[in-house]
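Shown next, in structure tokens, is the structure this report addresses.
Nothing in this text is a laboratory measurement; each read-out follows from the coordinates by a stated rule. Remember, predicted model here, so these are calculated numbers, not experimental data. Backbone-built Cβ (ideal geometry, glycine too); neighbour counts: all protein chains shown.
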Amino acid sequence: MPGITNGYDVLFKKFRLGLQNWCRTGKEPAAADQDMRYYLDLQEKRLKDHDLKLDIKMESDDEITEVHRYSVNIPIIGSELAKFDKSLYCQYVNREESYTRDGKILYKKADHPVMYQTILSPEPGEKGIGKTKYVCPNCGAVSTIEELESSGCAYCGTRYLMKDLYPKVSNYYFIENGFISDEQWKRDKRRMIMIAALGSLIQIIHTLFTDPEFTFLLAIPSFFLGFALWGFVTYLVYSGYKLVTTIKSTAKSAVLTGATAGAKNKITDKLRVYDPSFDYEYFEGKALSFARILMLGEHPEEFVQYRGKPIGGTFKDIVDVQYRGRMGVKDIRKSGGRIEAELELYLTDTLDSGGKIRHKDEKISINMYHNAEFPVDKSFSILKVECQNCGGSFDAARKKCCPYCGSTYDAGRKDWIVTEIHR
């Protein structure tokens, strides 16, 4: 595949196929990282709560393209850093999505969006990667990658190769831009030709039975004349439909762009004052991850990185959360010993309300802070925390307190904390 020589196109396809398989089996894609698998697990439980079955079928419709790639330094021990590549790839896909309940199809849609995937991988030759902490995929215990590769997990003994751990897909989303791929245009042309030929053929057959003066000799030139007329009309209808959809998509994009213009630069400029190593893409992914967990979690108030008022059933009607690729900012400030950020995430949510499934573009407000005394640990994951009191490892996504010593885990010393989220 032109321009892609690192094998990420294989991983991209593996995740896409894994996502389809997850719908059918509930097994999270092997190409997804730990936090992504956790989000899919939350979504699976939400779908079960609503007695819904989601099915997604996707076929590639163009070659995979690299949008951008950049390096990010992730702390491993103390002040040591490991260099990772964080890359964004995209591909046009033919997608069929359906929701069923008790065997009855409630919603079905076929479209041709662009699928985006963010892939995280250690830079070639990176020596510090062995010291990076990782959750054992088998038992969930925290170890270093070096231990998992050499002696195996200290708790279950499972050994891994680096290819089992990295690279991984850390985020994905779809964007409809109103345009079509070359392959889709070829398919549409074939359909228009078939419609024109069928329309002309039906017209000739009808004339043969209704007009006694119409002969088979006249049928041949009439067919080609009818084909040209039907083709012209079909193309006009097709062009009109595509024009309307493109205008609608462009209008939506324009509104979204207007609402978020300059947000990335504003966020980066302000937060780099307090943290010179601030990384926007990491921050964007973190805000999206928080929103998905709190919107789809069964008991969101128990999330270790949430310290706000009860959320209750605010998001109970949501069964899927898709990012629209944009984030806005209301304010960023330093208050006392905290760095505070008020953000707006632009999402397309799938709602199950009144027995009907529908997609809705929504703006979700989310307020976050982190302790100004401690730098943000970009390697932090709620699935691989170690108690700051006793050193025990546990899944902080489901427990705010250490199950070994009972002390409350302070995620604010490592990462961001959410104080408010609402529609």
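Once the chain from K45 to Y235 is taken as fully extended at 0.36 nm per residue, the excess over their C-alpha distance is 63.9 nm.
State, as an integer percentage, the relative contact order of the stretch 245-373 based on alpha-carbon contacts under 8 Å between residues 6 or more apart. Value for the stretch 245-373: 20 percent. Its Cα gyration tensor gives the stretch 198-251 an equivalent ellipsoid. The semi-axes, each the square root of 5 times an eigenvalue, are 35, 9, 6 Å from largest down. Residue separation of F214 and H68 scaled by 0.36 nm, minus their Cα-Cα distance, works out to 46.2 nm of gained length.
Each residue of the stretch 234-239 is assigned a 3J(HN,Hα), and the resulting list reads 4, 5, 5, 5, 4, 4 Hz, derived from the Karplus form 6.51 cos²θ - 1.76 cosθ + 1.60 (θ = phi - 60°), x at Gly and Pro. Computed from the C-beta positions of K131 and D269 and an R0 of 35 Å, the FRET efficiency is 0.60 to the nearest 0.05. Cross-link list K27/K168; K242/K266; K45/K168; K27/K309; K13/K53; K14/K316: which exceed 25 angstrom alpha carbon to alpha carbon? Check vs 25 Å cut-off fails for K242/K266; K27/K309; K14/K316.
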